1. Angle, helix 272-285 long axis vs. longest principal axis of the chain, Cα atoms, 0 to 90°, nearest 10?
2. Using the 2.2 N^0.38 Å rule of thumb for compact globular proteins, work out how the stretch 138-286 stacks up: its C-alpha Rg over that value, please.
3. If contacts are Cα pairs under 8 angstrom and at least 6 residues apart, what is the relative contact order of the chain in percent?
4. At residue 94 and residue 164, where each label point lies 7 Å from the Cα along Cα→Cβ, what is the point-to-point distance in nanometres?
5. In the stretch 176-286, what percent of the accessible surface is made up of carbon and sulfur (1.4 Å probe, ligands and nucleic acids excluded)?
6. Which of the following values of mean projected area of the Cα convex hull in nm² was calculated from the structure shown: (1) 22.1; (2) 15.7; (3) 14.4?
7. What is the calculated FRET efficiency for residue 221 to residue 38, with r their C-beta to C-beta distance and R₀ = 51 Å, to the nearest 0.05?
8. Pop a pseudo-label 7 angstrom from the Cα along the beta-carbon direction at both residue 66 and residue 249 and give the gap in nm to one decimal.
Amino acid sequence: MQNGPAVRRRKLGAELRTLRTGAGLTSGEAARLVGWHQSKVSRIETGASGVKPADVRLLLDAYGVVEGQLRELLMVLAGSEDTAGRHHWWHAYRGVLPPAYRDFISLESQASAMRTLETSVVPGLLQTQEYARAVTRAAVDGRADEALDALVEVRLARQDVLHNDPPLKLSAVLDEAVLRREVGGPGVMARQLARLVEAARLPQVRLQVLPFAAGAHIGITGPFVIFSFPSTSDLDVVVIDQLTSSLYLERKEDLQAYTEAFDTLRIHALSPEDSLDYIAVIADGA
């Protein structure tokens, strides 16, 4: 994880510190157990330096951590391969995926829940192939067709998280502009709206529409994503996409502020049932 974003280093380090103290060990005692200098444990726990997956495994063994889901999550944060020893699927696309996007996918793959506000486009996890292609082409105008194909493949492969066992729980609030903006032409948009209705009927998906009639709202400044993780809330993170990078917010104050904002948006949005009806009305008029 030497090249991983600082947010992942800090979160991994903080969780390892919690596990160490829970095991009743000082940093010096932990270091002696694994044959390190105490300063290495301290650097890892503060996020000052990266840590190899093998080192994380040593620490987890020393702390007596046996919970499989927690171990897997922490190993992924350290940049490990999967439990079968294979690279995670998105590694095959390293040549076309920016580091920030790879990191986003790795977090998404391990999250237990995702809350998202979208103000411009359909969430990637709910896009049809042709809609994804139109959005991607607009975002990376000028890229070769091969790169475009790869990015669309990645977008569609990400959707598998909704069908894992257990599946990712997705709660999405869509501004009405998402439904009204014609992407890829009338036919593409009509099929995309139909996909939204189909996806909204999945038990793991909660979809709500924020109509224009709601007026100005707390999310008007832009979209965001909140990832929540199994076993511990200390790893939860807010992700805000920017033009050339992504901003990761991890402070408890930021998480609380965005959680409260999302809860407020859900209150002002249509109910899931009314949202389906609203999408159907827009689709009929398309």
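The values are calculated or read from the model by the stated rules, or taken from the named source; none is laboratory data. Small disclaimer: the values here were computed from a predicted structure and weren't measured. Here the Cβ is made from the backbone with ideal geometry for all residues, glycine too, and neighbour counts use every protein chain on show. In case anyone asks, the SASA skips ligands and DNA or RNA and just uses the protein heavy atoms, side chains included. Shrake-Rupley method; radii C 1.70, N 1.55, O 1.52, S 1.80 Å.
1. Roughly 40 degrees, rounded to the nearest 10.
2. Numbers: Rg = 16.7 Å, N = 149, 2.2 N^0.38 = 14.7 Å.
Against the empirical 2.2 N^0.38 Å value, I get 1.13 for the stretch 138-286.
3. On the way: 397 pairs, mean separation 51.7, N = 286.
Relative contact order of the chain: 18 percent.
4. My value for the distance between the label points is 2.1 nm.
5. Values: 3170 of 5890 Å².
Exposed carbon and sulfur together represent 54 percent of the surface.
6. Computed from these coordinates, mean projected area of the Cα convex hull in nm² corresponds to label (2).
7. Working from the Cβ atoms, E equals 0.70.
8. 4.0 nm
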